[in-house]
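*Asks:* First the structure, then my questions, so here it is.
Where a number appears in this text, it was derived from the coordinates with a stated rule and is not lab data. Keep in mind it's a predicted model, so treat the numbers as computed, not measured. So basically every Cβ, Gly included, is an ideal-geometry build from the backbone, and we count neighbours across all protein chains shown.
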Amino acid sequence: MTIRKFNFGAGPATMPLEVLKEIKEELLDWNGLGLSVLEISHRTKEFMEIAKDAEQDFRDLLSIPESYGVLFLHGGATMQCPMIPMNFAPLDGTADYVNTGYWALRAIKEAQRYITVNIAASSEVDKFLYFPKQDSWQISKSASYLHITPNETIGGICLKEISEENVPIIADYSSGILSEEIDITKYGMIYGGAQKNIGPAGLGFAIVKKDMLNQAQEKTPTMFNYTKMLEGESMYNTPPTFAWYMAGKVFKWLKLKGGLKEIGKINNIKAKKLYGFIDSSVFYSNNIEEKSRSIMNIPFLLINEDLNDKFLKESVDAGLLALKGHRSVGGMRASIYNAMPLEGVNKLIDFMESFEKRNHNLNVKR
């Protein structure tokens, strides 16, 4: 087998090797049927079992109460940005949004097409280097819901703890989902894309409190209506079956790892080690407020920006892929999702240390 490299990309992200091997074995003949899982109709009892098992494992991992519906949808998280105002606010309604960076802004811009958006808090004036404290959020009296992005993939900031508000909280959990334990009951809904900690790109998920349903705007398309999609068990039309099947494999892998409590411990160890190295170096830096630092997405800067291209080329040669930061913030970014082993983080640190030693004479400040 070809030696695998370490993928630090933000998504499509690294997948568990054990899962990939299992899928490889099953790909041509799933469960003795004589055909691939890619060829199984979503209406068959075989796929229904795949879907049912995946939902139950997802529920088990996150301790999702029966009062919440679980959906597996097309379009990742971005498609749901317009779905949310259509489903949870009237046409002339208002919703509150906390502006914490690139993806929060995406959600805000989509919502503004349909409703009035009140910015309850923002860290934009400080270049999104922290997550605004919850006690600073200005919740409007007429808000139908409050939207947050607990983990900003690009900026590397996150919200560590949250308390319930007087309005339902809706959260984009694309990068944080399944990385550690969360209390679902504090939210009206969480949603996101699968391509980070769940499975392939193209699949989205939504966990929505059932008493929030049945209030979609009249002209909401059926495919955008959470109530209709839940009634159809996420199968109003042909769902992304292969991605759903792979998600189920990842859920079982996580359960075998000890669930979210254990994977959370591992993720915190990985993040602490990488942040510790960056903080101890004069060559690299991370400017995010310490208590707002993400354990999934770790951006960092080189002291000399002229070395960025060299760093990226040599990192690829060393088997460390997709470390380039997003164009909106520059620098580097290491996404260390669940499937990134500690070995990968150690190898990245070893490379960064070696690169620093070889280029310290070019240590010119920006």
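*Asks:* In nanometres, what is the gap between the two model label sites at residue 127 and residue 79, each 7 Å from Cα along Cα-to-Cβ?
*Replies:* About 3.7 nm separates the two model spin labels.
*Asks:* Using θ = phi - 60° and the Karplus relation 6.51 cos²θ - 1.76 cosθ + 1.60, list the HN-Hα couplings for the range 274-280 in order, rounded to whole Hz, with x at every Gly or Pro.
*Replies:* Residue by residue, the range 274-280 yields 6, 4, x, 5, 4, 5, 8 Hz.
*Asks:* Helix-only estimate, please: 222 nm mean residue ellipticity of the chain, summing -39500 (n - 2.57) across DSSP H runs of length 4 or more and dividing by its residues, to the nearest 500.
*Replies:* -10500 deg cm²/dmol
*Asks:* While we're here: Scan the range 272-363 for GluC sites (Glu not before Pro) in coil per DSSP, keeping those whose Cβ has at most 15 other Cβ atoms within 10 Å, and list them by number.
*Replies:* In loop regions of the range 272-363 (DSSP not H, G, I, E or B), the sparsely surrounded GluC sites (Glu not before Pro) are 289.
*Asks:* Based on other C-beta atoms within 10 Å, arrange 250, 345 from fewest to most.
*Replies:* Ranking 250, 345 by Cβ neighbours within 10 Å, fewest first, gives 345, 250.
*Asks:* Expected output is a single nm value to one decimal: the length gained when fully extending between residue 211 and residue 137, i.e. 0.36 nm times separation in residues minus the C-alpha distance. What is it?
*Replies:* This chain segment gains 24.2 nm when fully extended.
*Asks:* Alpha carbon centre of the range 88-162 versus the range 291-347: separation in Å?
*Replies:* Between the Cα centre of the range 88-162 and that of the range 291-347, the gap is 27 Å.
*Asks:* Shifting gears a bit: Using amide H atoms built 1.01 Å from N in the peptide plane, name the residues 5+ places from residue 74, or on other chains, whose amide H lies under 5 Å from its own.
*Replies:* Hits under the 5 Å cutoff: 204.
*Asks:* May I ask you to list the aspartates and glutamates whose Cα is less than 14 Å away from that of residue 219, ignoring any residue fewer than eight positions away on the same chain?
*Replies:* In chain and number order, the partners are 92.
*Asks:* Something else now. Comparing 342, 17, 146, which has the greatest mean-square fluctuation in the GNM of the chain with Cα pairs linked when under 10 Å apart?
*Replies:* Residue with maximal mean-square fluctuation among 342, 17, 146: 17.
*Asks:* Between residue 33 and residue 184, what length comes free when the chain is fully extended (0.36 nm per residue of separation minus the Cα-Cα distance, one decimal in nm)?
*Replies:* Taking residue 33 through residue 184 to full extension adds about 50.6 nm, to one decimal.
*Asks:* May I pose another question? How much of the calculated P(r) for the range 259-360 lies past 21 Å, in percent of all Cα pairs?
*Replies:* More than 21 Å apart: 30 percent of the Cα pairs in the range 259-360.
*Asks:* If R0 is 41 Å, what FRET efficiency do you get for residue 314 and residue 119 from their C-beta distance, rounded to 0.05?
*Replies:* So, using R0 = 41 Å, E works out to roughly 0.50.
*Asks:* Then there is this: In the range 202-235, what GluC sites (Glu not before Pro) fall in a loop by DSSP, with at most 11 other Cβ atoms inside 10 Å? Walk me through the numbers on the way to the answer.
*Replies:* Values: sites: 218, 231, 233; in loops: 218, 233.
The qualifying sites are 218.
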